[in-house]
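First up is the structure itself, then whatever we jot down about it.
The values are calculated or read from the model by the stated rules, or taken from the named source; none is laboratory data. These figures come from a predicted structure and were not determined experimentally. No Cβ is skipped: glycine too gets one built from the backbone with ideal geometry, and neighbour counts run over all protein chains shown.
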Amino acid sequence: MIRKLKQADRPALETILRKTNNFQDEEVSVALELIDIALLNEELSDYHIFVYTEKGKVLGYHCTGKRPLTDGVYDLYWIVVDPESSGKGIGKKLVLHAEAFVRERNGRWLLAETSSKELYGATQKFYFKNEFSIVAEINDFYAVGDALLVFGKYMLNK
């Protein structure tokens, strides 16, 4: 089941973020900051967080929001699945939910940013598998030799 974030979900999401080998402490802090912002102001339209649960246990989430100063572009800020539940289709369900969320709001684009590092190879494959394409690349973005890859999916012709 996919549902809106609740305060009681925060500890489970923090545990999942910390178990995910790709994320450095600074990245986990940013993810938790967005979770806290969403929890503190449910009326806030910047960050919409939905959790995937199975048998009452939180196994992943996505954070999606409209990109400022656009009339139909959304960012998939975070999509995370508990590493112990990886490979079970949860990520696919979450990305489909994010896409439906964007379509319901007449969004044109869903964008997701990631690193070009080999460590993020599985993330890159995930986006390609889910019909995203690289729409922009900025070399030496995060650090020398680490490019920003912007994956995008155009939603109007789907």
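Here are the numbers for this structure:
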read-out	value
Residue ID - nearest to residue 150 (Cα to Cα), chosen from residues in the stretch 98-121 that are in a helix (DSSP H, G or I) and in contact (Cβ under 8 Å) with a residue 12 or more places away in the chain	120
Subset of the stretch 62-77 [among the charged types (D, E, K, R) and either part of a strand (DSSP E or B) or crowded, with 23+ Cβ neighbours inside 10 Å (or both)]	66, 75
Among residues of the stretch 103-154, those that are closer than 21 Å to residue 68 by Cβ and among the acidic types (Asp, Glu), counted	2
The listed residue being touching a Ser or Thr at 6+ places or on another chain (Cβ under 6 Å) and under 18 Å from residue 80 (Cα atoms), out of 149, 119	149
Output for the stretch 1-38, where each listed residue is loosely packed, with under 12 Cβ neighbours inside 10 Å and touching a Pro at 6+ places or on another chain (Cβ under 8 Å)	21
Meets criteria (part of a helix (DSSP H, G or I), of a type outside the set (Lys, Arg) and at pLDDT 95 or above) for residue 59	no
Checklist (1) more than 14 Å from the chain's Cα centre (by Cα); (2) closer than 24 Å to residue 15 by Cα; (3) surrounded by 14 or more Cβ atoms within 10 Å (Cβ to Cβ) applied to residue 98, failing item	(1)
Residue identified as within 24 Å of residue 19 (Cβ to Cβ) and among the hydrophobic types (A, V, I, L, M, F, W, C) among 112, 136, 100, 147	112
Candidates 135, 51, filtered to the one that is crowded, with 18+ Cβ neighbours inside 10 Å, of a type in the set (A, V, I, L, M, F, W, C) and in a strand (DSSP E or B)	51
Test: residue in the stretch 121-134 that is under 15 Å from the mean Cα position of the chain (by Cα) and modelled with pLDDT under 95	yes
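Rundown of residues vs (1) basic (Lys, Arg); (2) over 12 Å from the mean Cα position of the chain (by Cα); (3) modelled with pLDDT under 95; (4) within 22 Å of residue 110 (Cβ to Cβ), yes/no style:
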{"site": "37", "(1), (2), (3), (4)": "no, yes, yes, yes"}
{"site": "41", "(1), (2), (3), (4)": "no, yes, yes, no"}
{"site": "46", "(1), (2), (3), (4)": "no, yes, yes, yes"}
{"site": "50", "(1), (2), (3), (4)": "no, no, no, yes"}
{"site": "53", "(1), (2), (3), (4)": "no, yes, no, no"}
